[in-house]
2 protein chains.
Amino acid sequence: MTTTTIQKTQANALRALAMDAVQAANSGHPGAPMGMAEMAVALWGGALRHNPADPQWPDRDRFVLSNGHASMLLYALLHLSGYDLSIEELKAFRQLHSKTPGHPEHGLTPGVETTTGPLGQGLANAVGFALAERLLAEQFNRPGHAVVDHHSYVFLGDGCLMEGISHEACSLAGTLKLGKLIALYDANGISIDGKIEGWFADDTAARFEAYGWQVLGPLDGHDVEAVAQALAHARAHAERPTLIICRTTIGAGSPGRAGTAKAHGEPLGAAEIAATRAVIGWPHGPFEIPEGVRQAWDARERGAALQRDWQRRFAAYRDAHPQLAAEFERRVIRRELPPGFEMLAFKTLAATAQRQEAVATRKASQQLLAALAPQMPELLGGSADLTGSNLTDFPGCGSVMPDDFAGRHLSYGVREFGMAALMNGMALHGGLIPYGGTFLTFSDYSRNAIRMAALMKQQVIHVFTHDSIGLGEDGPTHQPVEHAESLRLIPGLDVWRPGDAAETATAWIAALQQRERPCALLLTRQALPAQPRTPEQVVAIARGGYVLSDRPQPRAVLIASGSELQLAMAAQRLLDEQGLPVRVVSLPSSSLFDRQERAYREAVLGPRAVPRIGVEAGSTRGWGHYGCVAALGLDRFGESAPAGALFELFGFSAAKLVALVRQTLAQEEAACTTTN
Amino acid sequence: MTTTTIQKTQANALRALAMDAVQAANSGHPGAPMGMAEMAVALWGGALRHNPADPQWPDRDRFVLSNGHASMLLYALLHLSGYDLSIEELKAFRQLHSKTPGHPEHGLTPGVETTTGPLGQGLANAVGFALAERLLAEQFNRPGHAVVDHHSYVFLGDGCLMEGISHEACSLAGTLKLGKLIALYDANGISIDGKIEGWFADDTAARFEAYGWQVLGPLDGHDVEAVAQALAHARAHAERPTLIICRTTIGAGSPGRAGTAKAHGEPLGAAEIAATRAVIGWPHGPFEIPEGVRQAWDARERGAALQRDWQRRFAAYRDAHPQLAAEFERRVIRRELPPGFEMLAFKTLAATAQRQEAVATRKASQQLLAALAPQMPELLGGSADLTGSNLTDFPGCGSVMPDDFAGRHLSYGVREFGMAALMNGMALHGGLIPYGGTFLTFSDYSRNAIRMAALMKQQVIHVFTHDSIGLGEDGPTHQPVEHAESLRLIPGLDVWRPGDAAETATAWIAALQQRERPCALLLTRQALPAQPRTPEQVVAIARGGYVLSDRPQPRAVLIASGSELQLAMAAQRLLDEQGLPVRVVSLPSSSLFDRQERAYREAVLGPRAVPRIGVEAGSTRGWGHYGCVAALGLDRFGESAPAGALFELFGFSAAKLVALVRQTLAQEEAACTTTN
């Protein structure tokens, strides 16, 4: 097997652009792009089915660069293939407001399917892409009409394979037999600290066979034909996902840096670049691409033909299955909610509010799902092995299983991080709104994938139950304390901690309507009483914060969320008896509330002169943000005991809250007197 | 191979205690203890070298229950073996202030080596135990004197093996050939969602062989002799870590629940318990253990003999190597810092403060290590494949490698979570103070292990570099925004974000002196100017917050951390010129500052009437906690560009800070006028 002359030249064009752009930026990673150049030729030079003119074509193959530091490889490929990414953008690699940031960013650069950089997650996203394809194929394809039929390819490196998430994602991909997932492993034996044998001696082929994958190679990753043949074999034998192990040399082509850790993360330097140009036979100046090479790379004509063919097939599908085709267009192309959604949501919320049922908010969440999910086939539920605790399933949802993709609920196994990153992949793919559950404490495990969803503006819904010491006997390892506040810090994530069933329904509806943000719903294990509300108050829940119960000329404002809302209401009643009127503000979603206009926020929180007191069974550090001068919360780890004993132990009672209000008022008065 | 009658009875005693305690608590997990009863007999019934009378015996075997929900198994074993854990404690399982919480908690119950529950982490802790043993053996043992020579055993379940951290920890354990690590896999085929084949179809034996482990079994986990023989084989063939795969039945013994997911997490109920008693032939009442069974389990005599033997051997060692023995006693037994530590630390800090060098705080951290680490052989450094970026190595540290454990710096590979959990295991083992580095953003990956260190009060030092948009071109995936504030929320964790070299040295010294807390040091990539300080101010750094530069009758107080401290100082100078005096407070560690007495804190922050303004290149939500009425920060994701361009883009300049001060003062004045 050989690499032809034009393929060599195509590969060297990638090499040259990578080393030149890194040099121009004086920052970046030349080694991986140079090492993967031939792998890229094998895939992008013919196998990949995509259309540079339409990066949104629904049935395009997905490509993920999981070793995202190799971003210049992807930018070079996008540019040369004919995507809307000019050579000027490549020259502005890693500069402010260019389309060529340090790591590939979805939404910024056409053709970038997912944002990568945090290692291992791109691979997990790719598993999500392949899973979405499989699920949508099941839902939409009909005999003779394969409108969903594409591959998901991923390049990955040693770092991705060291990360634990690679295990979670690939074990599940193997179990589910996602045969249209094809991973190409850039096995260059080098990571930042040097030769990997001192810290990574896995037999990766055996490891992936243990997951039920088809493993091809190791083969020479610089032999385009060998890689291309492996790709063809993988597509022809699609009973299982495929890992193609490509042995490469990092920084290949650079006489002084090839095969060294130094090639990884710094510019080669002018002298070494000149030497590399001589070695690989690339006489052209920086960012210069000869016309013949451009033509060889140009994928626009083939891409347009591929998409036209699909459009013809989709037209035939529309004729044969008009309803399915309309649904496909709604879900996958226009990405709209079902036409009746608003009305259904409104009725469900109204009914919930009217029912006034004391129920755990995790149960209220399941009730909402039971009402809405049957009408929303795009919802794909799941849990990290806590289905019966998270209550993420709903009547008739069915289970996604290795040979059965008709279900709408997936047991992800005990894989919180993998679940979150797979959901990111599915959301990016389009056609599905994924939601998944675990205990709130274990949001720690998936935290960076939640962040990535926020960064990518993807609609992924996290159902985090057992949201406080209310979890009880499982003890401090399972009791979140800092988690609610900590999630609120992630930019672009909406966090909800609803106080009863009506607030839970509102949270879910907001999460479904919010197409460009991930949401985290923090739900109780224990039952919460329903709060009475006027219809206007029911509507106001969606603003994230509102006055739930007011008094004329309140002396203090109690601000509460979730299970502590009932406490604020009880304290208000006790204080009424003592002739001390206070306002109760419910704050189920601080991020939503923070986005309301200033006048509204000030009206809800009241004048600054009236002391504000926060109440939440968790960290109190965030209350200062709302001008609170005191808070009832928990700034230490919990204990193992029945929930009631814990709430008592840590002072979560109406009486304690009343005492805190009185103490705060006394202190404020004293401070005032001193000041005056 | 068979299980003898007494062994059967011993196993049934564990079963009975587990189901009775769960029933009494009306909460807990009977299935796993019942399924692992025979495995426990095989290990605890003879093989395990421990002394119930002295859970601190340094050379005891370590035992970790990674599937921590099986806590009743461990409590039953501790009780029956003769640890200070009464039957009354077992009766109080999962009740407030008992020594038998829902999941095993280190420090609360004698004999519990680590806190488990969050799945997979116990396994990683066990790898840390085995690594600590190997390192200490290298450092202390001499020919004919094996004073460090014990095994680390771990029980784990399917859930642990699904978690990604199992991959990180076990891949590294295999690479390092930690042959005295023996894992027993409770392969019962059931997780909470049901039969695992739908979501976990790994060939686990092949997977672990791919990691370089010795794999024994699958064998019948209810055959005590078979498990015991495998254990003996593992100990006799200790070139590699061993996984013993034990096929078991969850809830074994329960006629109605055995082999079902229902056995996992709820009490069996009175009727099923009665039926189980009949089936297993256990006629005794709840919590009743016949004397013969007690005697069979009692490990006190054997344990005392084992420890006496070790003490004799240690005495001989002390005779032959008095200095080493003294060092062993200091590090491993008394857990004290070296005698000259305080003086050395003081001199190093003084020299650093005097040098007034502009340096990145990551570099200052390395300078501190270069000064202290050679005198502190207990320091064990490392990095998750970013050694050259985190600067965690120091001159002469050497590298820990598969066949060379003389080094003092470990390349953990790209395994942030695994690194953190291994460090927890090493800290728990004793004799080492582990520290490890990665980029601050990737603290997300290791977050729950950091939390566990805090919960367990373990001295683990996290070196998180590249602590803001100052990271520059790598872009938003690598730029922390919410991370500093988010780490500050973890109870019991000390977070430092030093503003120059002197603050960095203080942070390190505090982290080393603080024996019962983990610390996170957030360090810059970019150089920071040294701030001038009086000797009193140098000392005051250790209080976490102090007045760095004051003015008579300040009109505002600027509170800053890390790289933004220089900004506050520059703004102060500009405001001086404008005749507007402000105070600058440096707040390198808010947790330390929060622990100072109230009077000190109030003196530093000044009277409430003087507006406070926070400055930090990250989330602003936490500033309200310090009464700030305004903040210069970053509540959105960063961008990819050179650091200077980013600080400019996001308004981190002295001029912008000056403008914010003036605007804030104007607003406060207006508000005041309105109020009056």
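The values are calculated or read from the model by the stated rules, or taken from the named source; none is laboratory data. These numbers come from a predicted model, not from an experiment. Methodologically, a virtual Cβ is constructed for each residue, glycine included, from the backbone with ideal geometry; neighbour enumeration extends over all protein chains shown.
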Could you check region A:255-294 and list, in sequence order, the residues that are among the polar types (S, T, N, Q) and over 37 Å from the mean Cα position of the chain (by Cα)? A:276
Write out, first by first residue and then by second, each pair whose Cβ atoms fall under 6 Å of each other, whose residues are 6+ apart or on separate chains, and whose first residue, in region B:507-529, is within 16 Å of residue B:464 (Cα to Cα) while the second is part of a loop (DSSP other than H, G, I, E, B) and among the hydrophobic types (A, V, I, L, M, F, W, C). B:518/B:460; B:518/B:493; B:527/B:358
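Residue-by-condition table, conditions (1) within 14 Å of another protein chain (Cβ to nearest Cβ); (2) of a type in the set (A, V, I, L, M, F, W, C):
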residue	(1), (2)
A:72	yes, yes
A:86	no, no
A:96	yes, yes
A:110	no, no
A:121	yes, no
A:128	no, no
A:138	no, no
A:151	no, no
Does residue A:129 count as part of a loop (DSSP other than H, G, I, E, B) and in contact with a Ser or Thr (Cβ under 6 Å, 6 or more places away or on another chain)? no
Would you mind stating whether residue A:281 is loosely packed, with under 14 Cβ neighbours inside 10 Å, modelled with pLDDT of 95 or more and under 17 Å from residue A:20 (Cα atoms)? yes
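Inspect all residues belonging to region B:25-48 and state whether any of them is part of a loop (DSSP other than H, G, I, E, B), surrounded by fewer than 24 Cβ atoms within 10 Å (Cβ to Cβ) and under 27 Å from the mean Cα position of the chain (by Cα).
The answer is yes; a qualifying residue exists.
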Only one of these is assigned to a helix (DSSP H, G or I), under 18 Å from residue B:432 (Cβ atoms) and more than 14 Å from every other protein chain (Cβ to nearest Cβ): B:369, B:349. Name it. B:369
Among the residues of region B:93-122, write down those that are out of contact with any His (no Cβ under 8 Å at 6 or more places or on another chain) and either of a type in the set (Val, Ile, Thr) or farther than 14 Å from residue A:474 by Cα (or both). B:100, B:106, B:107, B:108, B:109, B:110, B:120, B:121, B:122
Residue selected from region B:573-632 under the condition part of a strand (DSSP E or B) and among the basic types (Lys, Arg), by the criterion surrounded by the most Cβ atoms within 10 Å (Cβ to Cβ): B:583
If we keep only residues of region B:224-236 that are surrounded by fewer than 20 Cβ atoms within 10 Å (Cβ to Cβ) and touching a residue at least 24 places away in the same chain (Cβ under 8 Å), then the residue farthest from the other protein chains (Cβ to nearest Cβ) is B:225
For residue A:269, work out the one condition from (1) of a type in the set (Gly, Ala, Ser); (2) surrounded by fewer than 17 Cβ atoms within 10 Å (Cβ to Cβ); (3) within 30 Å of residue B:164 (Cα to Cα) it doesn't fulfil. (3)
Return the residue satisfying two criteria in turn: it lies in region A:633-676 and is hydroxyl-bearing (Ser, Thr, Tyr), within 10 Å of chain B (Cβ to nearest Cβ) and not in a loop (DSSP other than H, G, I, E, B), and of such residues it is farthest from residue A:609 (Cα to Cα). A:674
Residue check for residue A:65: of a type in the set (A, V, I, L, M), under 20 Å from the mean Cα position of the chain (by Cα) and within 11 Å of chain B (Cβ to nearest Cβ): no
Return yes when residue A:113 is part of a loop (DSSP other than H, G, I, E, B) and closer than 14 Å to residue A:69 by Cα and no when it is not. no
Hey, does region B:195-210 have a residue that's buried (at least 24 other Cβ atoms within 10 Å of the Cβ), facing chain A (nearest Cβ under 8 Å) and polar (S, T, N, Q)? no
Take residue B:100 and decide whether it is under 22 Å from residue A:441 (Cα atoms), buried (at least 24 other Cβ atoms within 10 Å of the Cβ) and touching a Pro at 6+ places or on another chain (Cβ under 6 Å). no
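Tally the residues that are in contact with a Lys or Arg (Cβ under 8 Å, 6 or more places away or on another chain) and surrounded by fewer than 24 Cβ atoms within 10 Å (Cβ to Cβ), restricting the search to region B:11-24.
Total meeting the criteria: 1.
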Could you identify the single residue in B:191, B:152 that is farther than 21 Å from residue A:417 by Cα and hydroxyl-bearing (Ser, Thr, Tyr)? B:152
Can you name every residue in region A:494-540 that is of a type in the set (Val, Ile, Thr), out of contact with any Lys or Arg (no Cβ under 8 Å at 6 or more places or on another chain) and surrounded by 24 or more Cβ atoms within 10 Å (Cβ to Cβ)? A:504, A:506
Restricting attention to region A:552-562, does a residue exist that is of a type in the set (Gly, Ala, Ser), farther than 20 Å from residue A:540 by Cα, in contact (Cβ under 8 Å) with a residue 60 or more places away in the chain and in a helix (DSSP H, G or I)? no
Count of region B:146-162 residues which are of a type outside the set (S, T, N, Q) and under 15 Å from residue B:238 (Cβ atoms): 6
Filter region A:49-87 down to the residues that are of a type in the set (S, T, N, Q) and either more than 18 Å from residue A:152 (Cβ to Cβ) or buried (at least 21 other Cβ atoms within 10 Å of the Cβ) (or both) and list them by number. A:51, A:66, A:67, A:71, A:81, A:86
Flagged in region A:549-565 as closer than 24 Å to residue A:620 by Cα and more than 33 Å from the chain's Cα centre (by Cα), in numbering order, are A:549, A:550, A:554, A:555, A:556, A:557, A:558
Against the conditions (1) surrounded by fewer than 20 Cβ atoms within 10 Å (Cβ to Cβ); (2) in contact (Cβ under 8 Å) with a residue 40 or more places away in the chain; (3) part of a loop (DSSP other than H, G, I, E, B), where does residue A:119 fall short? Just the number, please. (1)
Residue ranges of helices (runs of 4 or more DSSP H) in region B:374-473 with at least 2 members away from chain A (no Cβ under 14 Å): B:416-429
Could you tell me which numbered condition residue B:327 fails, if it satisfies all but one of (1) outside the structural domain of residue B:437 (by the TED database); (2) without any contact (Cβ under 8 Å) to a residue 60 or more places away in the chain; (3) of a type in the set (D, E, K, R); (4) farther than 30 Å from residue B:46 by Cα? (2)
Take the conditions among the acidic types (Asp, Glu) and in contact with a His (Cβ under 9 Å, 6 or more places away or on another chain) and apply them to residue A:225. Does it pass? no
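Of the residues B:191, B:166, which is of a type in the set (Ser, Thr, Tyr), crowded, with 22+ Cβ neighbours inside 10 Å and over 23 Å from residue A:199 (Cα atoms)?
Residue meeting the stated conditions: B:191.
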